[in-house]
1. Could you compute the FRET efficiency for residue 1 and residue 75, with r as their C-beta to C-beta distance and R0 at 35 Å, rounded to 0.05?
2. Which pairs, out of 26/128; 128/153; 26/87; 87/155; 41/151, put more than 22 Å between their alpha-carbon atoms?
3. Per residue and in cubic angstrom, what volume does the convex hull of the Cα atoms of the range 61-157 have?
4. What does the helix-only formula give at 222 nm for the chain: each DSSP H stretch with n ≥ 4 adding -39500 (n - 2.57), the total divided by the residues, and the result rounded to the nearest 500 deg cm²/dmol?
5. Which one of 47, 76, 123 is farthest out on the positive end of the charge dipole of the range 38-133, using unit charges on Cβ (Lys, Arg +1; Asp, Glu -1) and the Cα centre as origin?
6. Considering only DSSP beta bridges with both partners in the range 24-157, what is the antiparallel share in %, to the nearest 5?
7. Under the 0.36 nm per residue contour assumption, what length would be gained going from the current alpha-carbon distance of residue 141 and residue 128 to full extension?
8. Largest first, please: the extent of the C-alpha atoms of the range 1-78 along each principal axis, to the nearest Å.
Amino acid sequence: MTRVLYPGSFDPVHNGHIEIIETAAKLFDEVVVAAMVNTGKDGVFDLDERQEMIVEVVAHLDNVSVAMFSGLTIDVAARVGADFIVKGLRAVSDFENELQMAQMNNAASGMHTVFIPSASRSSFLASKFIRDFARFQGDTSKMVPPSVAEKLKEKYG
Ligand code: PNS
């Protein structure tokens with residue numbers, strides 16, 4: 001049985017994340033999605049809200065569970081008994097940062113990170129731009145599931 005941890009800030013979860021979760025759920029026996037704090041980003045939704053949104057959008061996947069943690073990803077991976085960390089890669093611009101995190105996590109714990117490339121139809125999606133769309137009343141309906149679009153409307157009025 002192979003269990004993987006898919007950590008991210010998910011602020012909010014979008015269609016690109018869901019595609020990675022669905023792919024990971026096909027590749028591995030169990031997927032734990034963890035909403036985490038990225039100290040390089042200011043959070044808009046709190047971790048509870050992010051977790052709630054994720055729970056709703058992965059409800060159709062039997063082998064996916066959702067958790068919410070602060071602290072180091074490698075500690076969370078150990079706590080949930082993950083064999084690997086999974087991350088999505090959208091473009092070359094993601095790679096440098098993701099590779100560095102994967103190498104640091106590996107050096108510190110021996111944990112390996114498996115990268116799953118995004119499909120081209122969702123490789124432009126980013127939570128920060130989706131928040132901009134929502135903030136200025138743009139249409140996010142093709143970027144996030146309806147339940148998340150609703151939460152964005154509530155957040156930005
Ligand atoms: O969706 P993101 O913002 O790219 O996810 C980044 C995240 C949350 C996975 C990363 O910032 C992280 O692992 N944060 C937890 C703290 C940690 O482990 N930092 C060391 C990374 S080498």
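We did not get these values from a lab; they are worked out from the coordinates using the rules stated. Please read all numbers here as calculations on a predicted model, not as lab measurements. Please note: Cβ atoms are built from the backbone with ideal geometry, for glycine as well, and neighbour counts cover all protein chains shown.
1. Values: r = 21 Å, r/R0 = 0.61.
So the FRET efficiency works out to roughly 0.95.
2. Over 22 Å apart, Cα to Cα: 26/128; 87/155.
3. Details: hull volume 13.2 nm³, N = 97.
In the range 61-157, the Cα hull volume divided by residue count equals 136 Å³.
4. Numbers: 6 runs with 70 residues, N = 157.
Only helices count here, giving -13500 deg cm²/dmol.
5. So the residue we want is 123.
6. Working: 0 of 11 bridges.
For the range 24-157, the DSSP antiparallel bridge percentage is about 0.
7. Details: separation 13, 0.36 × 13 = 4.68 nm, distance 1.53 nm.
3.1 nm is the gain from fully extending residue 141 to residue 128.
8. 34, 26, 17
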